[in-house]
Amino acid sequence: MKKIVFIALALAVSCNSTQKTTDDQKKKKVAVADPVKYAETITEDELKTHLYTYASDEFEGRETGKPGQKKAIQYLKAEYERLGIKAAKSDGNYFQDVPLEISKLPTGTFNANGIDYILGEDYVAMSQAIGNYDNIVYVGYGIEEGSYSDYRSLDVKGKIVLAKTGEPKKADGTYVLSGSSESSAWSKASDALAKRTELAKEKGANGILFYDENTFPRYKQFFEQMKNSNRERLSLKPTKPNTFAIILVSPKLANNLVKNINENNTVKELTTSLKLNLISGNKEVKSENVVAYIKGSEKPNEYLVISSHLDHIGVSKDGQINNGADDDGSGTVSLLEIAEAFRKAELDGNGPKRSVVFLHVTGEEKGLLGSQHYADNDPIFPLAETVANLNIDMVGRIDPKRKGDRNYIYLIGSDKLSTELHNLSEEVNKKYTKIELDYTYNDENDPNRFYYRSDHYNFAKNNIPIIFYFNGTHDDYHRPSDTPDKINYDLLENRSRLIFYTAWEIANRNQKIIADKLEQ
């Protein structure tokens, strides 16, 4: 009996001891998982150290594709390697190639019925066009919508079509397509050429000659400006070679091909020999995004992307370096510090439940090109499983036009796609940082249109909820005077911590953020 009592007592002591250990571990786990500990590793001193290097003259303004940008990506790679944060790509490469090209005007000849026409005078071409044709097809307005079609009796496969602007009208002067005095999108200057081009492609044509008497002078002026300018227009290199010719023709050329073209609406095949030999002068440019990530512990196939752009505008014509300390050196070093905070949590056994992606994009100053490539061409992680994007662009200064507390941040887009994300952002700020969240530039009627002007937009257009963090512009914006000594490092610390706390909550909450405000 004593032996049984002793065993029972031993088991009870053991169970109590085990329960106590488990409770202690749970308490310890809760304490360790407090994000404040990790947020406090984001400091003014470390942000300042990073930025005085990253926005120094050594980096030559970090212009896309230039030597300074190459130094920038090597710096970022070295930091992620030092922190022990893995590359996002499965091959271990931190660099995501972003294929770009400098668009240059084509050179060559356009010959119709034995007559050579002058590029920039009789016609304007912005891309390559090569081929010999025994005839071209006049498609009138070049429209197909509802029961109306200018292509109904025509075969344009492998041919060049000639289309004019405008749209058909009835005898009473109303428009055929709308049935009223209101014209359709086919007559809008912004859509007229694009809609006709897409339709001609669908019909199998090799190219389009487009005649618009009113807008041709503007195309001609733009051509002359590009011809006489040393500016380089950088764009994403098409994933497939562009073999479709788009040529804007003058009234003289249009009327030589179709007499009285403004009044002539009879679609037909023209016995016009056409020889096109316009060669593109586009030049390839190599640039890279830098992408690292921490794999989620419980939901590794759901992704939070935190982004900033690594590039700036480079060296001015007079040789002055545009260091871009605020734009977007501030966002870049903020992202590095946020990544380090997540890494320290991971090393403590408190890594994020969802995967967190640290995306430094190139080509933002050239038209959001790096983020466009990631979102449209080569998403390293599926967009369908990307729960949100937090984008950081210019968070180190104070907007001189703004009145009120200096401890603020402009938030843009938090409520555009997700009620949950907006509410989460507000709650996190109230709990941890108490920064004044200013929604001035979130207004739909904001003339600055900042919502469309940074890298978050390439996620938002894919229905991924976003928040854009921004301090506003200032007199040093895009000037050599945007230097590290003008950064408010205490504000940069506060704002970076706010973004970290927000990211922490998104990455660790049980349910992923829902986009409930999509347009139907």
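The values are calculated or read from the model by the stated rules, or taken from the named source; none is laboratory data. Computed from a predicted structure; not experimentally measured. As a convention, Cβ positions derive from the backbone with ideal geometry for all residues, glycine included, and neighbour counts pool all protein chains shown. Areas reflect the complete protein model, heavy atoms only, side chains present, ligands, DNA and RNA absent. Shrake-Rupley method; radii C 1.70, N 1.55, O 1.52, S 1.80 Å.
Across region 373-510, the fraction of Cα-Cα pairs farther apart than 25 Å, rounded to a whole number, is 28%.
Work out, in µm²/s and without decimals, the Stokes-Einstein translational diffusion coefficient of region 451-520 at 10 °C, 1.306 mPa s, Rh from Kirkwood over C-alpha pairs. Walk me through the numbers before you get to the answer.
On the way: Rh = 15.0 Å.
Translational diffusion coefficient: 106 µm²/s.
Here the Karplus curve 6.51 cos²θ - 1.76 cosθ + 1.60, taken at θ = phi - 60°, turns the phi angles of region 258-264 into couplings of 9, 4, 6, 4, 4, 9, 7 Hz, with x standing for Gly and Pro. Distance from the C-alpha centroid of region 392-445 to that of region 181-228: 40 Å, rounded to the whole angstrom.
First select every other residue whose beta carbon is under 12 angstrom from the beta carbon of Ala189; then total the charges, Lys and Arg +1, Asp and Glu -1.
Cβ neighbours under 12 Å give a net charge of +1.
If one computes the Cα centroid of region 152-173 and of region 244-317, what distance in Å separates the two points? Between the Cα centre of region 152-173 and that of region 244-317, the gap is 24 Å.
For region 170-202, trypsin sites (Lys or Arg not before Pro) are listed when DSSP marks them as loop and at most 16 other Cβ atoms sit within 10 Å of their Cβ; the list is Lys170, Lys188.
Take the Cβ atoms of Glu427 and Ile115, set R0 to 60 Å, and the FRET efficiency comes out at 0.25. Protein heavy-atom surface of region 41-84, 1.4 angstrom probe: 48% of the accessible area is carbon and sulfur, with nucleic acids and ligands not counted. So for region 398-520, averaging the separation of alpha carbon pairs under 8 Å that are six or more residues apart and normalising by length, what relative contact order in percent results? Contact order relative to length: 41 percent. Defining a contact as two alpha carbons under 8 Å apart and six or more residues distant in sequence, what relative contact order in percent does region 40-168 show? The value is 12 percent.
Selection among Leu491, Ser454, Phe470 by position relative to the dipole of region 452-506 gives Ser454 as farthest towards the positive end (Cβ unit charges, Cα centre). For the chain, a crude dipole built from +1 on the beta carbon of Lys and Arg and -1 on the beta carbon of Asp and Glu, taken about the Cα centre, is about 1240 debye to the nearest 20. Max-minus-min Cα coordinates of the chain on each principal axis give 115, 62, 47 Å, with the largest extent listed first.
For the chain, what's the relative contact order in percent, using C-alpha pairs closer than 8 Å and at least 6 residues apart? The value is 20 percent. For the pair region 70-86 / region 89-137, the C-alpha centres are spaced 38 Å from each other.
Spacing of the modelled spin labels on Lys275 and Lys89, each 7 Å from Cα toward Cβ, amounts to 4.6 nm.
Close amide-amide hydrogen proximity is noted between Ala388 and Val305, each under 5 Å apart and 5 or more residues distant or on a separate chain (H modeled in the peptide plane; Pro and chain starts excluded). Take the Kirkwood radius over Cα pairs of region 228-381, plug it into Stokes-Einstein at 37 °C and 0.692 mPa s, and you get 161 µm²/s for translational diffusion. Name the shape class, rounded, prolate or oblate, that the alpha-carbon gyration tensor gives for region 417-483, where a ≥ b ≥ c are the square roots of its eigenvalues, rounded holds for a/c under 1.5, and otherwise prolate holds if a/b is larger than b/c and oblate otherwise. It comes out oblate by the Cα gyration axes. The residues of the chain present an accessible area of 47 Å² per residue when probed at 1.4 Å with all protein chains retained.
DSSP bridge analysis restricted to the chain gives an antiparallel fraction near 60%, rounded to the nearest 5. What's the FRET efficiency of Asp34 with Ala384 using the Cβ-Cβ distance as r and R₀ = 35 Å, to the nearest 0.05? The formula returns an efficiency of 0.60 here. Size of region 136-224 from its Cα atoms: along the principal axes, largest to smallest, the extents are 39, 33, 18 Å.
Backbone amide hydrogens, once placed in the peptide plane, bring Leu417 within less than 5 Å of Ile466, excluding anything fewer than 5 places away on its chain.
If packing is taken as the mean number of other Cβ atoms within 10 Å per residue, what is the order of 152-165, 367-380, highest first?
On the way: 152-165: 17.9, 367-380: 20.6.
Ranked from most to least packed, the peptides come out as 367-380, 152-165.
Remark on region 94-157: ratio of C-alpha radius of gyration to 2.2 N^0.38 Å is 1.69. Multiplying each eigenvalue of the alpha-carbon gyration tensor of region 95-245 by 5 and taking the square root yields semi-axes of 29, 19, 18 Å, largest first, rounded to whole angstroms.
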